[in-house]
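The values are calculated or read from the model by the stated rules, or taken from the named source; none is laboratory data. Worth saying up front: this structure is predicted, and the values here are computed from it rather than measured. Quick reminder, even Gly has a Cβ in these numbers, built from the backbone with ideal geometry, and neighbours come from all protein chains shown. We work out accessible area using only protein heavy atoms, side chains counted, and drop any ligands, DNA or RNA first. Shrake-Rupley method; radii C 1.70, N 1.55, O 1.52, S 1.80 Å.
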Amino acid sequence: MSYELIGITVLWLFLYGYVIVASIDFGAGFFSYYGKVTGKGEVINQVINRYLSPVWEVTNVFLIFFLVGIVGFFPDTAYYFGTALLVPGSIALILLAIRGSFYAFHHYGSKPNTFYEFLYGTTGLLIPASLATILTISEGGFIEKKGNEVVLLMDTLLKSPYSWSVVLLALVSVLFISASFLTYYAHKAEDYEAERVLHKWALGWSLPTIFASFLVFVAMSDHNMQHFTSMLDNSWMFVVSMGFFTLAVYLLMVRKYYGWMFLSVLLQFGFAFFGYGKSHLPYILYPYITVQGSVNNPVMAQALIWAFIGGLSLLVPSLLLLMKLFLFDAKYVKGR
Amino acid sequence: MEFDTFMQSRILTGLTLGFHIIFATIGVGVPVMIMIAEWMGIRKNDPHYRLLARRWARGFTVTVAVGVVTGTAIGMQLSLLWPSFMQLAGQVIALPLFMETFAFFFEAIFLGIYLYTWDRFKKPIYHCLLVIPVVIGSSASAFFITTVNAFMNTPQGFKLENGVITGIEPLKAMFNPATPTKVAHVLSSAYLTSAFVLAAITAWFILRGSRSDYYQKALRLTMTWSLVFAIATAVIGDLSGKFLAEYQPEKLAAAEWHFETEKQADLILGGVLDKETLEVKGELRIPMALSILAGSHPDTEVTGLNEFPRDLWPPLYVHYLFDLMVGIGMYLAAVAGLFVLVRIWKKKHEWNPWLLRLIVLGGPLSMLAIELGWIFTEVGRQPWILRGFMRTDEGVTTSANVGQMLVLFSGLYAVLGIVCTVVLIRMFRKNPPEKEMGKRGIEGGGQHVV
Ligand code: HDD
Ligand code: HEM
Ligand code: HEM
């Protein structure tokens, strides 16, 4: 495999990791706030907090990893995206900052505070929307190079149906992924009352997810034909994804094997995410940046890959320990 | 000076880094103090020390959160505000930036585990061991990020021909001449500041009337370590001066208002500079001290600013920043030394209110020294962003909206700063150590509730 392919695969894998853990995190924050407002809060809050508290910081690092990694492997991205994304990027940053810090203020401060909870509950939904917009921009048509300047066509972006369909997909996916994970977790914790509420949410958000995905397909054919054709060439991945979705919904309906159910959700999103990513290649940003054209020099690329291997051999055991202690430890999960 | 995109980008970068560095310093130093306290608690089988570790760790989680979000802001802002710089420098120095994320990852995982496993292990030593990866992770991330900053000061490990970079050696770029002193000084000053800030908080409570053993142990522990770190910081600071004299003489010369290259150069403290004639008035001169700082010997020749074209001079106000930083360093070492001496020879004066007040003052001063030190090195590097290769104005973004972003982020940092402080104060006021000792059945609980 060439350096650029290794690089982009690794980065895409981490972005996938971020999408999953962050979705769980963002959705949980929103559910917990929603539960509080509607009075269902007490039942589900315990489950949510027991899972979230030890892992929220790790979630953020997935994102940092992707950001630093993409600039490291493909320095040209710094130039194009850096120049064009000042405003949307800064807005996403501010949302992330509010969410992360108020989460901590709420949970570690001396007493829970409803306003803090409101802040991190709602920003949790705005962040996926704003980050998804960055993926939208990578489809091309929203960035223009004028001489030495790179400009973002904000107007075109706001009026584009494709852009809005992606935002919609991001929102419902977050709620679906989160609800299905929490259903599984509540079940493990033997908290049946919470499980009942969460199970209803998971089912409720399943159809909108698939509906939004179709919208994105349709809008894509209108926006970037090249990418759309390339997606059709890889259509098997989307078919497999659909298959796992069906399996997940089936397991939810029969209320069985929640572990497998959540795994199916992971695979559903995995196949769709990698199908999208694979067909996006070789472009990082249509039509300006390709992976081959922008990859860092071989010396640095090689050094980064070695650093990555070294880093992983440190991280994987630590992550396993974290999961063993908080995710798969029956006593902890049940709150004992 | 114009208030253009360039200026706004500089201000926004300085603002974000200046805000982040407060939390980063705590993030690097406090885990070390937590580790020391928990270890003392286990070795002496003294629950007071373990409680100390526990309470510090609890406050630490709140500051870490702000450190993480502001750090994320820097990571993205470097690309957003200095795209051309990142495009160029990224080709040579991407490695440590990338490795830093692993260090964070490692730290974040074990911090999560550490915070939620206080009473989960049968042997307390297992829990204590979990803080070691946190210490390693945070100090390693400081190490990696500081190598990047060192690279900006003394770039090497590549060749630049007509805008094309060749001959890249990532490790040589990382281990550049500025790395050893910079890393060592950044680490030691972070440890010093954290120890002193914790000491200042303790001294504050003692002044307000809390006299139980718990506070005494806390103060002795933090002050003793402050002394160790203060001496280390001063020694390494001296080495940093020698580094500058050799590799970045214009920065040292600007810090010292030293214009003519000469031997037996005087060290100038304070004073006022006449911008036209370059004459210094009202200063305090220490004969030959600058030569000694630069090379350990009065006969060391110290390069003066006149050797450099005037448009490459750093702003000359860095002199005050440098003097203040060094002054604070002396102050901290003196106060910590005084406390330790009094404790050894005049035990009954250990709780002298004046001594305690000096310690309280040292907390904010040490944080101020961190800020001054960073502004000094960053401004002292100007007009270069990559010394000798790229000027700062060549690296800046062309986007027109930096001004609005500056307003937005200023508001964000103001809110975060205020809420974070309020949350921390409430947290410790609602749950004072006496109450917690009572609850956990530790001796000393219930006394002197504030
Ligand atoms: C508690 C904080 C603190 C204290 C007490 C001191 N310093 Fe410092 N100093 C820093 C915190 C700091 C810093 C924030 O860590 C800097 C900024 C960037 C860096 O590399 O370290 C720094 C930079 C810095 C530099 C510039 C290095 C460079 O640009 O490469 C020099 C020459 C010194 N220091 C020298 C000293 C001396 C002689 C001190 C005498 C006591 C001293 N510092 C105390
Ligand atoms: C990897 C490490 C660092 C990088 C890549 C970096 C990068 C930059 C850049 C691009 C600038 C703009 C140049 C300018 O404003 O003149 C700058 C300035 C500045 N940086 Fe750094 N910096 C680093 C470390 C730090 C740290 C840790 C601090 C701590 C507070 C800091 C403080 C500042 C300040 C205060 C300015 C403004 C200087 C001025 O107004 O002239 N920097 N830095
Ligand atoms: C020498 C000065 C600096 C020190 C000592 C330092 C140290 C730290 C620490 C201790 C944290 C908290 C991390 C955690 O607990 O997980 C942090 C966060 C962060 N810092 Fe800094 N930092 C410095 C300057 C910078 C600069 C210049 C950058 C930008 C390149 C940067 C990027 C980050 C990022 C991206 C995070 C968030 C990481 C996360 O999510 O865990 N830091 N930094």
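Key figures
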read-out	value
Förster-model FRET efficiency, 22 Å R0, B:LEU207 and B:LYS348, C-beta, rounded to 0.05	0.80
Karplus-derived HN-Hα couplings along the stretch A:138-151 (A = 6.51, B = -1.76, C = 1.60, θ = phi - 60°), whole Hz, x at Gly and Pro	5, 6, x, x, 10, 10, 10, 9, 10, x, 8, 9, 10, 10
Full-stretch length increase - B:VAL407, B:ILE425 - with 0.36 nm per residue and alpha-carbon distance subtracted	3.7 nm
Local net charge near B:ILE206, Cβ-Cβ under 12 Å (Lys/Arg +1, Asp/Glu -1)	+3
Computed FRET value (nearest 0.05) for A:LEU13 with B:PHE121, which takes r as the C-beta separation and R₀ as 30 Å	0.35
Spin-label model distance (nm) - A:ASP233 vs B:GLN216, 7 Å beyond Cα toward Cβ	7.9 nm
Shielding score for A:95-103, defined as the mean number of other chain Cβ atoms within 10 Å	6
Phi to ³J(HN,Hα) by Karplus 6.51 cos²θ - 1.76 cosθ + 1.60 over the stretch B:381-386, Hz, x for Gly, Pro	7, 4, x, 8, 9, 10
Accessible area buried, both sides summed, chains A and B with 1.4 Å probe, Å²	5700 Å²
Per-residue average of Cβ from other chains inside 10 Å of B:162-173	2
Under 5 Å, built H, 5+ apart or other chain: amide partners of B:ARG391	B:ILE385
Residue-normalised accessible area of chain A, expressed per residue, 1.4 Å probe, Å²	40 Å²
C-alpha center-to-center spacing [the stretch B:162-177, the stretch B:37-113] in angstrom	27 Å
Placed amide H near B:LEU267: partners under 5 Å, 5+ positions off or other chain	B:ILE286, B:MET288, B:ALA289, B:LEU290
Gain on full stretching of the segment that runs from A:ILE309 to A:LYS324 - 0.36 nm per residue minus C-alpha separation	3.1 nm
Average other protein chain Cβ within 10 Å of Cβ, residues B:116-123	2
Calculated from backbone phi, Karplus (6.51, -1.76, 1.60) coupling profile of the stretch B:281-292 in Hz, x at Gly/Pro	10, x, 8, 10, 9, 10, x, 6, 5, 5, 4, 5
Using distinct alpha-carbon pairs, which all enter the 1/r mean, Kirkwood radius of the stretch B:1-150 in Å	16.9 Å
Carbon plus sulfur fraction of accessible area for chain B, probe 1.4 Å, in percent	65 percent
Å² per residue, accessible surface of chain B at 1.4 Å	42 Å²
Partner aspartates and glutamates for B:LYS44 [C-alpha distance under 19 Å; skip if fewer than 8 residues away on the same chain]	B:ASP119, B:ASP213, B:GLU443
Most to least packed among A:292-303, B:204-215, B:157-168 [average Cβ atoms within 10 Å]	A:292-303, B:204-215, B:157-168
Interchain or long-range residues, amide H under 5 Å from A:ILE143's placed H	A:LEU153
Protection-proxy order for peptides B:271-284, B:292-305, each taking the mean of Cβ atoms within 10 Å per residue, highest first	B:292-305, B:271-284
Spin-label pair B:ILE286/B:ARG357, simplified geometry with 7 Å Cα→Cβ offset, distance in nm	2.7 nm
Kirkwood-based shape ratio for the stretch B:85-233, expressed as Rg/Rh from alpha carbons	1.13
Extended-chain gain in nm, criterion 0.36 nm per residue less alpha-carbon gap, B:LYS172 and B:GLU276	33.3 nm
Cα-based shape type of the protein assembly as shown, given that a ≥ b ≥ c are square roots of the gyration tensor eigenvalues and the cut on a/c is 1.5	oblate
Under 13 Å between alpha carbons - lysine pairs in chain A that sit 8 or more apart or on different chains	4
All aspartates and glutamates inside 14 Å of B:LYS159 as judged from Cα atoms, apart from same-chain residues fewer than 8 positions distant	B:GLU169
